[in-house]
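*Asks:* Dropping a structure here in structure tokens format, bear with me for questions.
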Amino acid sequence: MYRLSTSLLEVKGIGEKTAQDLSERGFSCVRDLLLNLPLHYLDRSTLGKISELNEERELTFIGEVTSISNFYRRPRSIQSATVKDDTGRVKMMWFNNPFILKKIQKGKSYVFSGKLSAKGSVVQPVVAGVGEDSLHTGRIVPVYSGSFGVKVGTLRRIYKEVLDNLAVDGDQDLSQVLPDQGLSKLLDTLEYLHFPETEEQVVLGKERLALEELLLLIRKSNQIRDEWQKLSAENHPPVVKVKAEDLVPKSIPYALTKAQLRCIDELVADIGESKPMNRILIGDVGAGKTVVAGTAAYHLVKAGLVVALVAPTKILAAQHLETLKSLFPDIQIELLTTKQIPDLKKGGIVVGTHKVINHLFELNPSMIIYDEQHRFGVSHRSSGKELVIKPHTLTMTATPIPRTLMLTIFSHLDLSVIDELPPGRMVVETYLSKQNKLDDFYAWVEKLNKEQPSRQILIVCPFIDPSDTEGFTEIASVETEYEKIKAFFKKRLVVGKLHSRLKKAEQEQVIADLFAGKIQVLVTTPIVEVGVDLPAATVVAIHNAERFGLASLHQIRGRVGRRDEQGYCVLFSSSRTEATKKRLQMFTKEHRGMKLAEFDLSNRGAGDIFGLAQSGEDGLRFANWTNLELISMARKIYNELNEKKWSPLLKLNTKESSLTPMAN
Ligand code: ADP
Ligand code: MG
């Protein structure tokens, strides 16, 4: 029997080499392994016929081998077999896989999973014996991250071994701590997640772990609130009073919306109190959060104090720097890097990323603003012990959570909401298109650009490099698309690429070129999702749109149409799942973040589990801010929870998933 704490070295089938590979990825015990959920699942549970094989979706079928051959075409060996059923026959091909010849025999039938290549054969199909209790086909099959260094098949066997022999204590299993809540047993939950029989089981399993995570968050929030109440009287930042007529700095070039003004009022009231602010500023994409937070910062700086703005990416930090400089030309605003700690004796704003936040204490900020976008709830906090004063803390987020729910989870926070977009915003026209219409799209882009050369086009791909992980081979990658697009446009348009693996200097150059209008087409990962404001971006295309949650798509779409010009968003997807089509179709018509979140909520599940795991995008491992129902359920359950009997399965990583904002 294994326990959650059992070291992986003790698991049957894990040798020293594998244990080493796993431990390099942070897996040392059974718990670590089990909480690493499959990246996605392949549905090999429904059997089809040879005549139904197609190029788009993997199909599982039973067929009889009628011939086998093995030949060399340097540099590789090719194994091939012809297989028939009552609807037809098809050729199978494997490369450098002589083992397959030991596995299959002429005249016998097997279960095959694969899809048709352009040439009409099935390349590298997975094979299992008929009736064999297979982990790899004839069922919903888990696919774990390819970066393991351990083969996918081996991993599946390890998970099976662990799950078949696992025991958990009563206090580790919420279904036993809270027997009246109808929760699924922990062992079942883990089985659902790793070896589901149906899609519904995956959804159930994920919700069960999400619930655990939310309960931990609530507990943490309560703790922070209690500590905050004790501490807030001490060492607060200097009180700054702002006269009503000075509320809005004259240098802001546009009229603020009512909602923006109300939020500024709330922030300014906070800095006039003799205790630190602990507030979250919520507003949909493009609502204009920057100027609101910036105005509060401005008033502190005018009083001679320092404010730090922490951005999730360097790109965004650079952008905030420019934005703030143009909004508030009369105060000092500097970039904070590891090499350069600006001298701000007379007060000023420093902008940096989480990485540089550790330098903060030397600056002794009166306020820290976290631009978390929709990934709030988590952040690398400053090692705040060194801070002499407890700074005001403000977090900006686009997470569409209703106020009441937010407050039930985050009892330690005050809330400001910008519930109105600046006037004159046009809705971004959104279309759903098939992947094979790409050339038409490029031609249209070229036409748009000819009409007005300043127009920029963003092309978003899920991956940086092409993947050879099962089921991922057809997902667009920046590197591949970049080459294709460059070839298409020749010298007519300048194409750039941007992703997190480029060298820092290269990234900065691309951004600079982009803002200078030297690049017309940018191929990128969802890195652009995170709040970058590109005023000239007119069109955004998203490849494999089915791989993104609606909230992410909404964020990405928010990158265009940010000035008075009509913006366009084109979703490319060849998904044939009805649920996915419906989801994307709905996205083309709906432009309110909250409605999209609600839709994802009520339609979660069916069809979605075969997409990419989205966890981590909002800083949570399992829970999702858009699952409002689960959030309110967590709140109710928490009230029933006898903490003394509960030994949480999960841990909140205090470095990466501490609650926003803690300011200590
Ligand atoms: P977000 O809330 O998504 O962070 P930003 O702060 O980046 O949004 O603002 C989006 C864009 O809207 C920026 O280009 C900004 O200059 C502009 N903007 C913000 N407030 C107003 C306003 N009241 N009137 C006109 N434009 C505004
Ligand atoms: Mg923003």
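*Asks:* Can you tell me how many residues in the range 163-181 are part of a helix (DSSP H, G or I) and of a type in the set (A, V, I, L, M)?
*Replies:* Here the count works out to 3.
*Asks:* Another question, if that's okay. Six or more apart or on different chains, Cβ atoms under 8 Å: show the pairs whose first residue is in the range 274-286 and touching a residue at least 12 places away in the same chain (Cβ under 8 Å) and not assigned by TED's automatic domain parsing to the domain that holds residue 393 and whose second is of a type outside the set (S, T, N, Q) and away from ligand 2 (no atom under 12 Å from the Cβ).
*Replies:* Once the first residue is touching a residue at least 12 places away in the same chain (Cβ under 8 Å) and not assigned by TED's automatic domain parsing to the domain that holds residue 393 and sits in the range 274-286, no partner that is of a type outside the set (S, T, N, Q) and away from ligand 2 (no atom under 12 Å from the Cβ) comes close enough.
*Asks:* Here's something else I'd like to know. Could you tell me how many of the residues in the range 261-294 are out of contact with any Leu (no Cβ under 8 Å at 6 or more places or on another chain) and within 13 Å of ligand 2 (Cβ to nearest atom)?
*Replies:* Count: 2.
*Asks:* Could you tell me whether residue 656 is modelled with pLDDT under 80, closer than 16 Å to residue 183 by Cβ and surrounded by fewer than 20 Cβ atoms within 10 Å (Cβ to Cβ)?
*Replies:* Spelling it out, it is not the case that residue 656 is modelled with pLDDT under 80, closer than 16 Å to residue 183 by Cβ and surrounded by fewer than 20 Cβ atoms within 10 Å (Cβ to Cβ).
*Asks:* Right, another one. Give just the number: which of (1) at pLDDT 90 or above; (2) outside the structural domain of residue 19 (by TED's automatic domain parsing); (3) among the acidic types (Asp, Glu) does residue 132 not satisfy?
*Replies:* (1)
*Asks:* Residues being within 24 Å of residue 628 (Cβ to Cβ) and touching a helix residue (DSSP H, G or I) at 6+ places or on another chain (Cβ under 6 Å): count how many of those fall in the range 561-583.
*Replies:* 1
*Asks:* Would the range 242-258 turn up any residue that is assigned by TED's automatic domain parsing to the domain that holds residue 338, away from ligand 2 (no atom under 16 Å from the Cβ), open to solvent by less than 10 Å² (accessible area, probe 1.4 Å) and part of a helix (DSSP H, G or I)?
*Replies:* no
*Asks:* Residues that are under 31 Å from the mean Cα position of the chain (by Cα) and of a type in the set (Gly, Ala, Ser): list the strands (runs of 3 or more DSSP E) wholly contained in the range 38-146 that include at least 1 such residues. Walk me through how you get there before you give the answer.
*Replies:* Values: elements: 40-43, 59-73, 76-85, 88-95, 109-114, 126-129, 140-143.
Output list reads 109-114.
*Asks:* Now, a different point. Does the range 172-192 contain at least one residue that is open to solvent by 40 Å² or more (accessible area, probe 1.4 Å), hydroxyl-bearing (Ser, Thr, Tyr) and touching a residue at least 40 places away in the same chain (Cβ under 8 Å)?
*Replies:* No, that holds for no residue.
*Asks:* For residue 66, are the conditions met, namely being open to solvent by less than 60 Å² (accessible area, probe 1.4 Å) and over 14 Å from residue 125 (Cβ atoms)?
*Replies:* Yes, satisfied.
*Asks:* Could you check how many residues of the range 93-104 are open to solvent by 60 Å² or more (accessible area, probe 1.4 Å) and within 13 Å of residue 130 (Cα to Cα)?
*Replies:* Adding up the residues that qualify gives 1.
*Asks:* Also, I was wondering about something else. Right, residue 141: under 19 Å from residue 63 (Cα atoms), out of contact with any Ser or Thr (no Cβ under 7 Å at 6 or more places or on another chain) and buried (at least 20 other Cβ atoms within 10 Å of the Cβ) or not?
*Replies:* No, not satisfied.
*Asks:* Let me ask another. Answer yes or no: is there a residue in the range 316-337 that is crowded, with 23+ Cβ neighbours inside 10 Å, over 20 Å from residue 398 (Cβ atoms) and modelled with pLDDT under 95.
*Replies:* yes
*Asks:* Can you pull out the residues in the range 269-309 that are of a type in the set (A, V, I, L, M, F, W, C), away from ligand 1 (no atom under 14 Å from the Cβ) and surrounded by 20 or more Cβ atoms within 10 Å (Cβ to Cβ)?
*Replies:* 271, 277, 300, 301, 305, 306, 307, 308
*Asks:* Kindly indicate which of 368, 409, 418 is touching a Ser or Thr at 6+ places or on another chain (Cβ under 8 Å) and at pLDDT below 75.
*Replies:* 409
*Asks:* What are the pairs, 6+ residues apart or on separate chains, where a residue within the range 416-436 that is under 13 Å from residue 544 (Cα atoms) has its Cβ under 9 Å from a residue that is open to solvent by 70 Å² or more (accessible area, probe 1.4 Å) and of a type outside the set (D, E, K, R)?
*Replies:* Partner pairs satisfying both residue conditions: 432/585.
The values are calculated or read from the model by the stated rules, or taken from the named source; none is laboratory data. Please read all numbers here as calculations on a predicted model, not as lab measurements. Heads up, the Cβs are rebuilt from the backbone with ideal geometry, glycines too, and the neighbour counts pull from every protein chain shown. Just so you know, the surface numbers come from the protein's heavy atoms only, side chains and all, with ligands and any DNA or RNA stripped out. Shrake-Rupley method; radii C 1.70, N 1.55, O 1.52, S 1.80 Å.
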